[in-house]
Amino acid sequence: MSAGESQDRGWYRGAHRRHFSEVYRSEKPRLIRYFFRELGNKADADEMAQETLARFLRSAPPGITTPRGYLTRIAHNLVKDRSVRNSTRMAQRSVPLDDGMGAPSPFDPHRDLEARENVIRWRAILQQLPADTLEVFMLNRVEGFSFREIADKLEIPLWKVQKHMLRAVRHVGANRSDSDD
């Protein structure tokens, strides 16, 4: 290999890393939201997003023009593999219940009533917020969007997103009782 070829490869690695950092910044939040919807756990979602990006870095062909599709396929396969792995583990660990033991009743009327009352109470508290503030709050806390993503989506400055979130968090904190923990 000549000195020129060595320099070309060094340039390729540098360009590939720059491209990867752009992909990382733009796709990681989307991957975390996807995994959070699938797994219901922020820590697992973040870990799986990291694994997806690591696999992409190791296996993506040079000059890939659609990293989003490639990452989506990797993410889907990771969720599928995890599901298969977890179902196998559960089958290996499960034991039959004794004949005399019944499963607990899944319906607890007191817990159900308490949950309904809490939903009604929190819906009323959140409805007191201005519409823009409520939208920003729901995008961040329910949908998992970052402040920057919300600003881009709603086409408003970042400082306004921060202002809306501060207002919402103060309102929620002021209406929170000791029993909400």
Keeping to the stretch 155-169, report how many residues are assigned to a helix (DSSP H, G or I), modelled with pLDDT of 90 or more and either open to solvent by less than 50 Å² (accessible area, probe 1.4 Å) or not aliphatic (A, V, I, L, M) (or both).
7
Residue check, Leu71 touching a Leu at 6+ places or on another chain (Cβ under 7 Å) and at pLDDT 90 or above
no
Just to be sure before I move on: is Lys42 modelled with pLDDT of 85 or more, open to solvent by 70 Å² or more (accessible area, probe 1.4 Å), closer than 23 Å to Arg148 by Cα and not hydrophobic (A, V, I, L, M, F, W, C) in the structure I sent?
yes
Given the criterion of a type in the set (Gly, Ala, Ser) and at pLDDT 85 or above, identify the matching residue among Ala54, Ala3, Ala15.
Ala54
Every residue in the stretch 117-152 that is β-branched (Val, Ile, Thr), open to solvent by less than 30 Å² (accessible area, probe 1.4 Å) and more than 17 Å from Ala174 (Cβ to Cβ), please.
Val136, Ile150
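The values are calculated or read from the model by the stated rules, or taken from the named source; none is laboratory data. What you see is a predicted model; the values in this text were computed from it and never measured. Because the Cβ atoms are built from the backbone with ideal geometry, glycine has one as well, and the counts that use them run over all protein chains shown. The protein model used for the area step is the full one, side chains on, heavy atoms only, and it has no ligands, DNA or RNA in it. Shrake-Rupley method; radii C 1.70, N 1.55, O 1.52, S 1.80 Å.
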